[in-house]
Every structure is written in C-alpha cells, then in structure tokens.
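Below is one structure, written out as structure tokens; comments come after it.
The values are calculated or read from the model by the stated rules, or taken from the named source; none is laboratory data. Since the structure is predicted, the reported quantities are computational estimates derived from the model, not experimental observations. Areas reflect the complete protein model, heavy atoms only, side chains present, ligands, DNA and RNA absent. Shrake-Rupley method; radii C 1.70, N 1.55, O 1.52, S 1.80 Å.
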Amino acid sequence: MPKALRRLFATILIYTNPYDVRKLWDDSFNAMVEDYPRASDTNNVFIKNKLLNDISKLLEQHNKKLKEFAGLPQMIEGFEELTTISIMIEDELTIPVSNEDITCIKMLNTGQLEAFNTIKRSIVEKESRTFFVDGPGGIGKTYLYLAFLAYFTEQ
Ligand SMILES: Nc1ncnc2c1ncn2[C@@H]1O[C@H](COP(=O)(O)OP(=O)(O)OP(=O)(O)O)[C@@H](O)[C@H]1O
C-alpha cells in the first residue's frame, strides 16, 4: 500500500501539477513511509530523504526531476549512495524461501538455537548490533543463516 501511494503521489505530480505540492507532501508523508524500516538509528531526516529518493526514481521514469516541483523538499546531496545498503536488503528479501529453509528453524541444535535467539532478540529490540558467527567447517553456520533468512522473510 505505501508503495502504491508513492507511485500515486508521483503520478499526481506528473499529470496534475497540483497547486499546493507541499500540503500534498505533508498530508501523505506518514502513509507513504509506513513500510520503511525504522531501526533505532533511523531518524526522520533519513526517512524523509529515502522517500524523496524513491519519488525521484519514479519521476525519472517520466523524465521529471524533484526540483521541477516547487514546494517539495529537496534531497540531501549524496543520499543516493547512502541507500545502497537498503537496496542490498531489498535484494535479500527477493530470495525465495523454501519449505526446507522454514524447517531449519525447528531443527536448530542447542548452539544454533542459542545464537538464533540472541541475534533475533537484538534485531527485534532494534539494538543495531553486529554479530560474527564463527566455527569449524560444517558446524552449521550456513544452516543458521538460512534459518534467519526464512524467519525474517516470513515476518
Ligand atoms: N541443526 C541441523 N540439523 C540438521 N542438519 C544440519 C543442522 N545444522 C547443520 N546441518 C547440516 O550440516 C551440514 C553443514 O552445515 P553448514 O553448511 O551450515 O555448515 P557451515 O558451518 O556453514 O560450513 P562451512 O564453514 O564449511 O561453510 C549441512 O548439510 C547442513 O544442512
């Protein structure tokens, strides 16, 4: 739904050239960013610029630019490069999850389950921590990763 609203917003800009773009932006803002990830370190400036970046890409498909619409906030310079990470996350989310991967979660051994629960808790509580999973070859690191991928994609 938020994605469809962003597309609708861009379509309105392109085809109707509304009188009060800023009001349309302000009124639609919250609904358009509903699906954006909100980590603890994600502030409003990031959300605003991510939205501008997404709208900008939609406008580009019609050879239009953000700056052509007076009243629209402008994106901070260099923001596009900062979004590379979120594109990587979006790519990860397109990987299909097999039933076998979903079964992984129930099959985790004690060590894997401990790691799974610790990392999952940290993600759910938006701690923004980094974990390094190490161990001898064949111990089940990839298996643990597949369980995570299945769990969070399902979510
Ligand atoms: N909890 C588990 N239950 C059943 N099979 C498992 C479990 N954990 C791992 N395996 C299986 O053990 C094998 C080795 O696991 P995995 O590939 O995850 O190890 P790895 O630590 O990533 O190895 P490497 O470091 O060599 O890449 C795989 O065939 C995997 O399916």
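Relative to its residue count, the chain spans a Cα convex hull of 140 Å³ per residue. Summary value for the chain: 24 percent relative contact order, contacts being C-alpha pairs under 8 angstrom separated by 6+ residues. A 1.4 Å probe, protein heavy atoms only, puts the accessible area of Tyr143 near 80 Å².
Ranked by solvent-accessible area (1.4 Å probe, protein heavy atoms only, all chains present), the residues Lys67, Lys23 order from largest to smallest as Lys67, Lys23. Shown in residue order for segment 123-135 are the 3J(HN,Hα) couplings computed by the Karplus curve 6.51 cos²θ - 1.76 cosθ + 1.60 at θ = phi - 60°: 5, 4, 7, 6, 7, 6, 9, 10, 10, 10, 9, 10, x Hz (x for Gly and Pro).
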